[in-house]
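The values are calculated or read from the model by the stated rules, or taken from the named source; none is laboratory data. This is a predicted model, so every value here is computed, not measured. Note: ideal-geometry Cβ built from the backbone for every residue, glycine included; neighbour counts use all protein chains shown. Note: accessible area is taken over every heavy atom of the protein model, side chains too, but ligands, DNA and RNA are not part of it. Shrake-Rupley method; radii C 1.70, N 1.55, O 1.52, S 1.80 Å.
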Amino acid sequence: QGAQIIVFPEDGIHGFNFTRSSIYPYLDFVLHSHSGKWNPCREPYLFNDTEVIQRLSCMALKNKIFLVANLGTKQPCEHTDPHCPPDGRYQFNTNVAFDDDGTLVATYRKHNLYFEYAFDTPPEPDYKHFDTPFAGKFGMFTCFDILFFEPAVNLIRQYNLKQIVYPTAWMNQLPLLSAVEFQQAFATAFNVNILAANIHHPTLGMTGSGIYTPVKSFIYHNMESYGGKLIVAEIPVITMDHETNLESNERFRENLHDSCRTFTSTSLDDQVCLKEQEETPGRVSEKGNEQLPPTFYAEMMYDNFTFVPVWGEKGELRVCANTLCCYLNYRRAVLTDELYALGVFDGLHTVHGTYYVQACALVKCGGLSFSSCGQEVTDATALIDFQLWGNMSTPYIFPLLLTSGITLDFADHMGWKNNHYFMSKNRTSSGLLTAALYGRWYEKD
């Protein structure tokens with residue numbers, strides 16, 4: 001099909017559920033400090049235990065295609081090395097990249113392991129990228145790495161990378177961390193193209209791959225059948241060296257003490273001015289006699305979110321936790337019997353990994369009771385015009401917009417305005433599942 005580069009998923013060659021010793025026979029030897037001049041297909045006898053690497057190299061050479069794959073690798077170490085494991089060897093979860101001549105041009109050792117007891121964390125983060133004649137430099141990291149500053153964010157910023165290859169074995173977690181949802185948000189937030197290959201394993205909740213640009217996606221997400229799919233797309237190379245959305249955000253905290261924040265309202269022309277007044281939930285609001293909707297708590301993705309229900313055909317809501325306040329203006333085309341809620345979380349996430357999250361999330365609840373908010377939902381019918389914003393304390397905001405059937409939509413407008421990050425959408429393409437600003441406050445991890 002004329003492809004110039006192909007990316008394979010994490011764990012795709014060796015599979016799952018290994019111990020440190022049971023995976024050992026499947027590990028290839030790779031010298032990670034290698035200068036990038038070795039061609040395993042042409043020089044197979046340079047090192048022992050390189051069968052997998054040789055096969056991959058020959059595929060790249062024979063088909064004249066850049067190839068990225070994930071495998072397990074081993075590296076002997078001396079006991080004088082303070083990091084050296086007791087069995088005298090390192091075992092790494094490794095990505096390898098070959099050019100279209102079969103030469104090994106980059107190796108990357110996964111830094112943020114996700115309960116992978118067969119593997120070691122490398123002593124230092126790898127910042128790995130390789131050059132291509134068709135799209136310039138590609139950066140490389142793996143799966144769980146996407147949620148952390150090291151090495152993913154640092155790599156992109158240090159080397160001003162615009163294209164990323166990303167093998168993953170991602171277990172979907174709705175409503176905020178489904179694979180295609182977060183992969184798309186990452187491409188948008190960093191203004192990069194991402195080639196994300198996820199292993200297809202529905203019983204483990206692993207599904208959802210895509211080729212993403214900041215404004216368009218080609219995805220495959222299928223929980224029903226075991227058939228995988230090759231995604232092929234032609235996308236524009238991002239070359240602009242102008243600042244990414246995030247870098248211009250770095251200076252966003254200049255005048256944090258405006259008493260009045262202006263935001264484009266849902267009609268996008270008249271300005272709404274918000275006074276930072278303290279309102280106690282349930283108190284009669286300024287405008288008249290209508291009661292403010294009650295706040296309630298519910299667990300969403302193991303975090304205790306503070307929610308307000310999204311009732312009626314239109315309204316303006318605010319909900320706060322710690323230093324974070326989230327605001328929503330909304331209008332529904334047709335009132336459906338679905339419960340939606342606006343939630344906020346500002347704290348350390350501690351289950352299946354430890355990392356600090358600031359999130360403002362409009363989600364469809366699992367049922368009609370408050371306690372069902374935060375549950376995993378895959379289908380919705382409500383079409384909602386909305387504007388969502390929050391006074392985030394971090395510049396790293398991932399805008400999530402997920403619609404019925406785990407499909408993606410794109411916001412009409414998003415960005416910083418008066419020290420708040422906002423996202424607006426006039427009518428989602430299908431029923432809304434999640435519209436969220438997922439902030440990562442890396443310094444507080």
Inset, instruction - Identify which of H111, H79, H32 has the largest mean-square fluctuation in a Gaussian network model of the chain, with springs joining Cα atoms closer than 10 Å. - result: H79
Legend entry - Net lengthening on full extension, H14/K37 (0.36 nm per residue, minus Cα-Cα): 5.7 nm
Legend entry - Inverse mean reciprocal Cα-Cα distance (Kirkwood Rh) of the chain, Å: 23.2 Å
Legend entry - Volume per residue of the C-alpha convex hull in region 94-160, rounded to whole Å³: 91 Å³
Inset, instruction - Anything over 19 Å Cα to Cα? Flag those among K128/K229; K137/K162; K110/K216; K37/K137; K216/K425, in the order listed. - result: K128/K229; K110/K216
Legend entry - Candidates Y212, Y396, Y355: whichever shows maximal mean-square fluctuation once the chain is modelled as a Gaussian network with Cα springs under 10 Å: Y355
Inset, instruction - Find, among the GluC sites (Glu not before Pro) in region 1-92, those assigned to loop by DSSP (not H, G, I, E, B) with at most 12 other beta-carbon atoms within 10 angstrom. - result: E78
Inset, instruction - Go through D303, D100 and list them by solvent-accessible area, largest first, probe radius 1.4 Å. - result: D100, D303
Inset, instruction - Report the local net charge at L408: Lys and Arg +1, Asp and Glu -1, summed over other residues whose C-beta lies under 10 Å from its C-beta. - result: -1
Legend entry - Computed helical MRE - 222 nm, the chain, DSSP H runs ≥ 4 contributing -39500 (n - 2.57), nearest 500: -2500 deg cm²/dmol
Legend entry - Solvent accessible area, Å² - K216, 1.4 Å probe, full protein context: 110 Å²
Legend entry - Amide hydrogen neighbours beyond the local backbone of L408, cut-off 5 Å, H modeled: T403
Legend entry - Accessible area per residue, Å², region 296-444 with all protein chains present, probe 1.4 Å: 34 Å²
